[in-house]
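Asks: Here it is, the structure, as structure tokens.
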Amino acid sequence: MANANDEFRMTKHEGILSNCRLRRGIPSSFGIRALSLRGEAAFTILELLVVITIIIILAGLTIATMGYVQDKAKRSRAEAEIAAISAALENYKADNGIYPRSSETDALDPTAGGNPASSASLKLYEFLSGDTDYDRKADTKSYFSFKPNQLSPTDQAQKVTALADPFGNPYGYSTMKASDPTKNGYNPTFDLWSTAGGKLSPSWIKNW
């Protein structure tokens with residue numbers, strides 16, 4: 001009987017202490033657990049935001065790196081193509097005594113900014129490929145075999161309209177200075193270049 005009374009008094013005493021805590025602003029064990037859960041949830045959201053931010057930064061760096069790598073690969077390809085085309089022009093000169101020229105190549109100013117006109121590159125394609133009607137088949141002696149991705153348009157069923165660089169712009173081929181030494185130009189033979197995607201002349205890929 002004494003034990004039952006003692007337990008009752010202890011339970012009653014705990015209830016009074018709990019009420020006192022609530023009145024004094026002391027959180028109960030349930031309140032503490034609730035606050036703890038809210039804190040854990042808030043911390044989890046903060047962690048998620050940090051992770052998302054890191055992912056966005058890494059994605060931006062990856063895209064920038066990919067763009068740089070692709071641009072570098074295109075520049076390397078343009079340099080190789082200019083060297084190969086220059087060698088083909090030397091072979092043409094060996095057979096014909098002069099480098100290929102036309103009114104279009106004589107009129108193209110290599111010192112002018114912007115992408116060159118496609119007409120000069122088309123004449124260069126004609127001279128080196130031997131394709132006089134631009135149907136992608138040689139009609140006369142060929143000095144260079146152009147790949148489909150070097151020609152515009154890339155559709156093999158269409159006629160060639162330009163000799164394209166890896167950036168999708170026409171190659172520049174000028175004989176302006178060769179036609180008249182007093183005119184603009186860099187080489188007394190021929191000027192061959194790529195604007196590297198329409199960049200300013202210091203960034204061009206060229207044979208001078």
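The values are calculated or read from the model by the stated rules, or taken from the named source; none is laboratory data. From a predicted model like this one, the values you see are computed outputs, not experimental measurements. Heads up, the Cβs are rebuilt from the backbone with ideal geometry, glycines too, and the neighbour counts pull from every protein chain shown.
Asks: Of all residues in segment 106-123, which are under 28 Å from the mean Cα position of the chain (by Cα) and closer than 10 Å to Y173 by Cα?
Replies: Keep residues of segment 106-123 that are under 28 Å from the mean Cα position of the chain (by Cα), which gives 110-122.
Hits for segment 106-123 are P110, P116, A117, S118, S119, A120, S121, L122.
Asks: If K206 satisfies all but one of (1) under 15 Å from A117 (Cα atoms); (2) under 32 Å from the mean Cα position of the chain (by Cα); (3) of a type outside the set (V, I, T), what's the number of the condition it fails?
Replies: (1)
Asks: Checking Q158 against (1) part of a loop (DSSP other than H, G, I, E, B); (2) modelled with pLDDT of 95 or more; (3) closer than 15 Å to R77 by Cα, which test does it fail?
Replies: (3)
Asks: Give all pairs with beta carbons closer than 8 Å in which a residue from segment 190-207 that is touching a residue at least 24 places away in the same chain (Cβ under 8 Å) meets a residue that is among the aliphatic types (A, V, I, L, M) and in a strand (DSSP E or B); count only pairs at least 6 apart in sequence or on separate chains.
Replies: Hits for this filter: W193/I205; S194/I205; A196/I205; K206/L192; N207/L192.
Asks: Can you go through E104, E81, E126 and tell me which one is within 21 Å of A196 (Cα to Cα) and either crowded, with 18+ Cβ neighbours inside 10 Å or among the charged types (D, E, K, R) (or both)?
Replies: Going through E104, E81, E126 in turn, the sole match is E81.
Asks: Sticking with this one: Take L200 and tell me if it is on the phi < 0 side of the Ramachandran plot and buried (at least 22 other Cβ atoms within 10 Å of the Cβ). Let's see the steps before the verdict.
Replies: Values: on the phi < 0 side of the Ramachandran plot: yes; buried (at least 22 other Cβ atoms within 10 Å of the Cβ): no.
So L200 does not fit the description; no.
Asks: Can you name the residue in segment 163-174 that is surrounded by fewer than 22 Cβ atoms within 10 Å (Cβ to Cβ) and free of Cβ contacts under 8 Å to residues at least 60 places away in the same chain and, of all such residues, is farthest from the chain's Cα centre (by Cα)?
Replies: Taking segment 163-174 and keeping what is surrounded by fewer than 22 Cβ atoms within 10 Å (Cβ to Cβ), we get 167-169.
Applying the additional criterion that residues be free of Cβ contacts under 8 Å to residues at least 60 places away in the same chain yields 168-169.
Numbers: G168: 13, N169: 15 Å.
This residue is N169.
Asks: Something else about it: Please enumerate the residues belonging to segment 122-145 that are of a type in the set (A, V, I, L, M, F, W, C) and touching a residue at least 12 places away in the same chain (Cβ under 8 Å).
Replies: Hits for segment 122-145 are L122, L124, F127, L128, F144.
Asks: Considering only residues that are among the polar types (S, T, N, Q) and within 28 Å of the chain's Cα centre (by Cα), look in segment 175-203 and name the one that is nearest to A80 (Cα to Cα).
Replies: Going through the qualifying residues, I end up with S194.
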